[in-house]
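We did not get these values from a lab; they are worked out from the coordinates using the rules stated. Every value quoted in this text rests on a predicted model; they were computed, and no experiment measured them. FYI the Cβ positions are ideal-geometry reconstructions off the backbone, even for glycines, and counts take in every protein chain you see.
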Amino acid sequence: MVMDIPPRVVQLRSCTVALACDVCVLQFGQSVANAEQQAKLIGLLNMQTAETAQGANSRGRKLRVKKASQLIADELKADIINGILKVGDSLPSEAVLTERYGVSRPTFREAIRILEAEDLVRTTRGGRGGAKIQAPSTERAAFYAGLVLQTNDATVRDVLHTRAAIVPLAAKLAAEQPRTCDFSTLRLCLDRIDASQKDSRMLFRQQQAFEAEIFELSRSKTMQMISRILEIVIECHFDELPKGRHELPEFILDEIPIARRRSHELMEAIVEGHPDEAFRIAQDRATAQIVNWDRRIAHNQRLSIIAPNLD
């Protein structure tokens, strides 16, 4: 009995063979390490091909198999994330890596371009040039997050409100940390707030720095990243405004002593290790900030982002 093979399976098999030819053709005399590396890529191809086929059949979608260049980029990316390739390390030469993976130069160069686009590799020319590993950039993530927010008509108030809303939880977590933590930077930020007595715009920036240190003390990597992204988005927006129109959220002079007092109370609650009190004070402080901003920023003022200097 002859069974009909579905067209998708035929297409999948031919695609797999084509990729395997590009990625994994073993040659006589290759080292065992290279053979193992290429065999690993064959395994990746077969595994993701099977997963793709199963998913496509269950959802009725077209099959999409990753290109060889993407598989190589994924493997190098995993080595970067796991610390096998460290920041500042140079990748081996193109000749070495094309032999290791058993691929053509154009395929390997495409893999490097993928990593460059993701800001994980920087390539330089010259005798000492080459591809060097660099850490993922929060600034890059913030820029693209800002573009997404701007595309979706996010307002300045929305970004400011969101950042203020997550400070209380960070304050609670910071107060729960061991008393052996170094609170000197938090105290320094508070001293700078005290020095900003008659400059409401400087006070705003110092308040932001004070909150950034609270996020650091919280030990929450997720909140640190989110808060930093929102902070950069806010900075980019105000940097985009024409000179003479730096519409930073301002405190009127009568509110400055109140803002300073709340910040002092919050620091004391964190340093003394009172999580619930720190949460309550931070929440009251955030509510006052939001009311203040709402009085000074247009309700529908859209976010405007420019690219930060990433060099």
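For the range 85-177, the spread of Cα positions along the three principal axes, ordered from largest to smallest, is 53, 38, 25 Å.
Packing, as the average of other Cβ atoms within 10 Å across residues, places the peptides 148-156, 213-221, 82-90, 278-286 in the order 278-286, 213-221, 148-156, 82-90, highest first. Taking 0.36 nm per residue of separation and subtracting the current Cα-Cα distance, fully stretching the chain between residue 284 and residue 122 would add 53.8 nm.
Note on residue 155 and residue 304: the extension gain reaches 52.8 nm, defined as 0.36 nm multiplied by sequence separation minus the Cα-Cα distance. FRET efficiency for the pair residue 295 and residue 144, taken as 1/(1 + (r/R0)^6) with r the Cβ-Cβ distance and R0 = 25 Å, rounds to 0.20.
Shown is the FRET efficiency for residue 274 and residue 84, computed with R0 = 35 Å from the Cβ-Cβ distance and rounded to the nearest 0.05: 0.20. A Cβ-based charge dipole, computed about the Cα centre of the range 138-296 with Lys and Arg at +1 and Asp and Glu at -1, lands at about 120 debye. Were the residues from residue 179 through residue 191 laid out at 0.36 nm apart, the gain over their Cα-Cα distance would be 2.2 nm. Expressed as a fraction of 2.2 N^0.38 Å, the C-alpha radius of gyration for the range 138-296 is 1.02. Averaging the Cα positions of each part gives two centres, and for the range 104-122 and the range 166-233 these lie 37 Å apart.
Each other residue within a Cβ distance under 12 Å of residue 286 adds +1 if Lys or Arg and -1 if Asp or Glu, for a net charge of +2.
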